[in-house]
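The values are calculated or read from the model by the stated rules, or taken from the named source; none is laboratory data. These numbers come from a predicted model, not from an experiment. Note that each Cβ is placed from the backbone with ideal geometry, even for glycine, and that neighbours are counted across all protein chains shown. Surface areas here come from the heavy atoms of the whole protein model, side chains and all, with no ligands, DNA or RNA. Shrake-Rupley method; radii C 1.70, N 1.55, O 1.52, S 1.80 Å.
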Amino acid sequence: MTLLAVSKTQPAERLRELYQLGQRDFGENYLQEALAKQAALADLRICWHFIGPIQSNKTKSISEHFDWVHSVDRIKVARRLSEQRPETLPALNVCLQVDISGEASKSGVPPEALPELAEAVAELPRLRLRGLMCIPAPSDDFAEQRRAFAEMRHGFEALRARGHALDTLSMGMSGDLEAAIAEGATLVRIGTALFGPRNPAPTSNP
Ligand SMILES: *Cc1c(COP(=O)(O)O)cnc(C)c1O
């Protein structure tokens with residue numbers, strides 16, 4: 001089980017403190033914010049995960065500065081990440097983000113389109129398809145939380161049965177990590193429960 005520390009809006013010094021306690025994996029949502037922290041923490045051996053929505057004009061920088069991307073949900077973005085991944089770096093680890101709650105407004109590939117996207121991504125030479133990620137609609141009901149994560153696990157197992165060597169089920173946040181673990185999460189993405197409430201985004205400061 002990997003604990004991914006989700007450090008969006010947290011200053012670089014908070015990440016450094018956690019690193020000194022042994023934390024190695026950090027997740028960021030906003031590219032510019034992440035690049036500033038990476039520069040401030042360049043002396044540490046952090047494994048950086050990009051977990052936010054991906055605009056296609058940001059793929060070059062993402063492919064150059066991260067070890068993992070959890071939020072790939074369309075082939076166009078995957079192709080760009082693969083083409084732009086520098087040859088000096090190992091293949092970029094990717095998870096496909098699945099729209100498990102079926103809200104069309106949310107990001108993520110619809111579950112019925114997942115097998116086709118996985119086939120296409122698995123062909124890309126500079127990406128390494130590792131697994132699936134989801135952000136289910138928030139619910140306080142444990143059984144409902146589990147239902148969404150169970151659906152993810154079934155999708156994950158179905159892809160493995162088709163021959164994809166997946167090892168990462170990225171699911172569970174501060175409010176639903178117990179349900180995610182009960183359904184087989186291999187990586188939980190935790191922000192608030194680790195760092196406390198988030199600071200307002202820098203841009204929203206007066
Ligand atoms: C912010 C965020 C998290 C962490 O959420 P918390 O509720 O603070 O634990 C996890 N995953 C993604 C994709 C996020 O954007």
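Can you list the GluC sites (Glu not before Pro) in the range 122-206 that are in a DSSP coil and have 14 or fewer other beta carbons within 10 angstrom? For GluC sites (Glu not before Pro) across the range 122-206 that sit outside H, G, I, E and B with at most 14 neighbouring Cβ atoms in 10 Å, the list reads 123. For residue 72, the residues whose modelled amide H falls within less than 5 Å of its own, excluding neighbours fewer than 5 places apart on the same chain, are 95, 97. The count of lysine pairs in the chain that are at least 8 places apart or cross chains, and whose C-alpha atoms lie under 20 Å apart, stands at 9.
Each of residue 3 and residue 57 was given a label point 7 Å from its Cα along the Cα-to-Cβ line. The distance between the two points is 3.9 nm. Using only the Cα atoms of the range 1-53, build the gyration tensor, take square roots of its eigenvalues as a ≥ b ≥ c, and label the shape rounded, prolate or oblate: rounded if a/c is under 1.5, else prolate if a/b is larger than b/c, else oblate. Note, shape of the range 1-53 comes out oblate.
In terms of its C-alpha gyration tensor, the range 124-206 comes out oblate, because a/c is 1.5 or above while a/b does not outweigh b/c.
Tell me the Kirkwood hydrodynamic radius of the range 32-130 in angstroms, computed as one over the mean inverse distance between distinct C-alpha pairs. For the range 32-130, the Kirkwood estimate is 14.0 Å. For the chain, modelled as a GNM whose springs connect Cα atoms under 10 angstrom apart, the maximal fluctuation among 88, 59, 192 occurs at 88. A straight line joining the Cα centroids of the range 6-34 and the range 39-97 runs 16 Å.
Were the residues from residue 182 through residue 167 laid out at 0.36 nm apart, the gain over their Cα-Cα distance would be 3.7 nm.
Per residue, the convex hull spanned by the alpha carbons of the chain comes to 129 Å³. Residue ranking by accessible heavy-atom surface, 1.4 Å probe, largest first, among 54, 135 comes out as 135, 54. Phi angles of the range 167-179 translate, via the Karplus equation with coefficients 6.51, -1.76, 1.60 and θ = phi - 60°, into HN-Hα couplings of 9, 10, 10, 8, 7, x, 10, 3, x, 9, 5, 5, 5 Hz per residue; Gly and Pro are given as x. With a cut-off of 9 Å between beta carbons, the residues surrounding residue 63 carry a summed charge of +2, where Lys and Arg count +1 and Asp and Glu -1.
Were the residues from residue 44 through residue 157 laid out at 0.36 nm apart, the gain over their Cα-Cα distance would be 37.1 nm. Between 170, 107, 56, the GNM of the chain built on Cα springs shorter than 10 angstrom shows 56 fluctuating the most.
Once the other residues with Cβ under 13 Å from the Cβ of residue 160 are scored (Lys, Arg +1; Asp, Glu -1), what is the net sum? Its environment carries a net charge of +1. Summing charges over all other residues whose Cβ lies under 14 Å from the Cβ of residue 141, with Lys and Arg as +1 and Asp and Glu as -1, gives -2.
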